[in-house]
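Enquirer: Quick one: the structure is below, and I'll ask about it shortly.
What follows draws every value from the coordinates through simple rules; no lab data is involved. This one's a predicted model, so the numbers in the text were calculated from it and none came from an experiment.
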Amino acid sequence: MRDYPTKITFGEPRETGATRIIVFCRDYRCSHNVQMDASRWPDEVRISDVEPRFVCTMCGKRGSNIRSVDAPARMGTSG
Ligand SMILES: [Zn+2]
C-alpha cells in the first residue's frame, strides 16, 4: 500500500504541489481515514516519524499510514 519510501519528509510531496495528506488507520479492518492540511508540519519532518503519533478516533488504535494527496492534475479535455 505504500507509494513511496518511508524516509520521505513533508517537504517532498509539497515540491510536487501536494498540500494535503490522508491519514489512514493502521488497522486495515478499520481503515478509517481523514484528510489533513500538511502545512502544519515543517518540511524537514519525516512522515514516518509522525505516523505513530496518530490515534484512530474510530477504533482507538495508535499508529497510522500517511499518504500525500496529489495536487489536482492539470489535465482535461480540450474544447
Ligand atoms: Zn481505526
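Enquirer: How large is ³J(HN,Hα) for each residue in segment 44-53, as worked out from phi by the Karplus curve 6.51 cos²θ - 1.76 cosθ + 1.60 (θ = phi - 60°), to whole Hz, x for Gly and Pro?
Expert: With the stated coefficients, segment 44-53 comes to 7, 6, 7, 4, 5, 7, 8, 3, x, 7 Hz.
Enquirer: On full extension of the chain, what length is gained from Arg53 through Arg29, given 0.36 nm per residue of separation minus the C-alpha to C-alpha distance? Please list the in-between numbers first.
Expert: Details: separation 24, 0.36 × 24 = 8.64 nm, distance 1.93 nm.
This chain segment gains 6.7 nm when fully extended.
Enquirer: Read phi for every residue in segment 28-36 and hand back ³J(HN,Hα) as whole Hz from Karplus 6.51 cos²θ - 1.76 cosθ + 1.60, θ = phi - 60°, with x for Gly and Pro.
Expert: 5, 6, 8, 6, 4, 8, 9, 8, 9
Enquirer: Stretch Asp43-Val69 to full length: gain in nm at 0.36 nm per residue minus the Cα-Cα span? Before the final figure, lay out the partial values.
Expert: On the way: separation 26, 0.36 × 26 = 9.36 nm, distance 1.57 nm.
So the extension gain works out to 7.8 nm.
Enquirer: Also: One quarter of the convex hull surface, Cα atoms only: what value does that give for segment 11-69 in nm²?
Expert: Details: hull surface 14.6 nm².
Answer in nm², one decimal: 3.6.
Enquirer: Then there's this: Which residues' amide hydrogens lie under 5 Å from the amide hydrogen of His32, considering only partners 5 or more residues apart or on another chain, with H built in the peptide plane?
Expert: Excluding prolines and chain starts, which carry no amide H, the hits are Cys25.
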